[in-house]
1. Between Val29 and residues 5 or more places away or on another chain, which pairs have amide H atoms under 5 Å apart, with H built 1.01 Å from N, and which residues are they?
2. Keeping all protein chains in place, calculate the accessible area per residue for the chain (probe 1.4 angstrom), answer in Å².
3. Run the accessible area of the chain with a 1.4 Å probe and give the carbon-and-sulfur part as a rounded percent.
4. Which of rounded, prolate, oblate describes segment 61-133, given a ≥ b ≥ c as roots of the alpha-carbon gyration tensor eigenvalues and a/c under 1.5 marking rounded, otherwise prolate only if a/b is larger than b/c?
5. DSSP loop GluC sites (Glu not before Pro) in segment 132-179 with at most 16 other Cβ atoms within 10 Å of their Cβ, which ones?
6. Name the residue farthest towards the positive end of the dipole of segment 1-154 from the options His100, Val138, Ile117, assuming +1 on Cβ of Lys and Arg, -1 on Cβ of Asp and Glu, about the Cα centre.
7. Under a 1.4 angstrom probe, counting protein chains only, how are Lys60, Lys167 ranked by accessible area, largest first?
8. Please label the shape of segment 98-226 as rounded, prolate or oblate, based on the square roots a ≥ b ≥ c of the eigenvalues of the alpha-carbon gyration tensor (a/c under 1.5 means rounded; beyond that, a/b larger than b/c means prolate, else oblate).
Amino acid sequence: MIITIDGPVASGKSTVALRIATELGMYYVCSGLLYRACTYILRHYAGYKTEHAITHPSQKDIEEYCNQYRIRYVYTIHGIQIFFDNHDITEYLKTATIDHYVSLLSTHEAIRIEVHIMQKAIAQDKDIVADGRDMGSVAFPDAEYKFFLTASVEERAGRWQKDQEKKGNNVSLQQAIEAITQRDYRDTTRAVSPLVVPAHAIIIDSTNLTLDQTVQEMLKYIKPWK
């Protein structure tokens, strides 16, 4: 079984996807972490240090560094680990630097193709819950259950602001709203795999819902399968 959860930035899709996977005993696939891994690898190992460089990676380097044979994704009850050439790089993937550069790299078609290949390989022998911005529309269009999780810009900006505070970054609510709005624009207007509501997806607006309420709302649509 494949369950996809798509949605804009700070909609809570990763947190909800993890909870759904835990509730159902399924394997959680976080697409965002795979894109972060590719970003870190190209910067750290292939020398793509500038914005211009990471926005224009060569096809050769993408194929050489960002493939399913060198990048290994592992999910257990203890969390997610990502390995590159058997080296655990997980702790380096959620920094402010990677936050910035991943949004530039993830628009590249060749990168998205490689990440989709990794995701499909994981799903070959597992029941998965996958979250991202094109899971139900591109990566797994035939998923048994597809959700689109959203919330108001103000609500998402508040969540993003709190997340930044945890990382030691102090931003005002207005700055957060501007950042969210800009990211929404990039995600919905990019030429490759733009953010859309997947066909037949169930739309969940979590603006006025707690995490538990959001999870339970989704679980109502998923029929018992074991």
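The values are calculated or read from the model by the stated rules, or taken from the named source; none is laboratory data. Model, not experiment: these values are computed from the prediction. Neighbour counts run over all protein chains shown; Cβ positions are idealised from the backbone, glycine included. Protein only, heavy atoms only, side chains kept; ligands, DNA and RNA dropped before computing areas. Shrake-Rupley method; radii C 1.70, N 1.55, O 1.52, S 1.80 Å.
1. Distant-sequence amide H within range of Val29: Val129, Ala130, Asp131.
2. On the way: 11250 Å² over 226 residues.
Per-residue accessible area for the chain comes out at 50 Å².
3. On the way: 5840 of 11250 Å².
Answer for the chain: carbon and sulfur cover 52 percent of the accessible area.
4. Numbers: a/c = 1.39, a/b = 1.16, b/c = 1.20.
Since a/c stays below 1.5, the shape of segment 61-133 is classed as rounded.
5. Numbers: sites: Glu144, Glu154, Glu155, Glu165, Glu178; in loops: Glu144.
Taking segment 132-179 and a limit of 16 other Cβ atoms within 10 Å, the loop GluC sites (Glu not before Pro) found are Glu144.
6. Result: His100, furthest along the dipole toward the positive end.
7. Working: Lys60 140, Lys167 80 Å².
Most to least solvent-accessible, the answer reads Lys60, Lys167.
8. Working: a/c = 1.92, a/b = 1.23, b/c = 1.56.
Verdict is oblate for segment 98-226.
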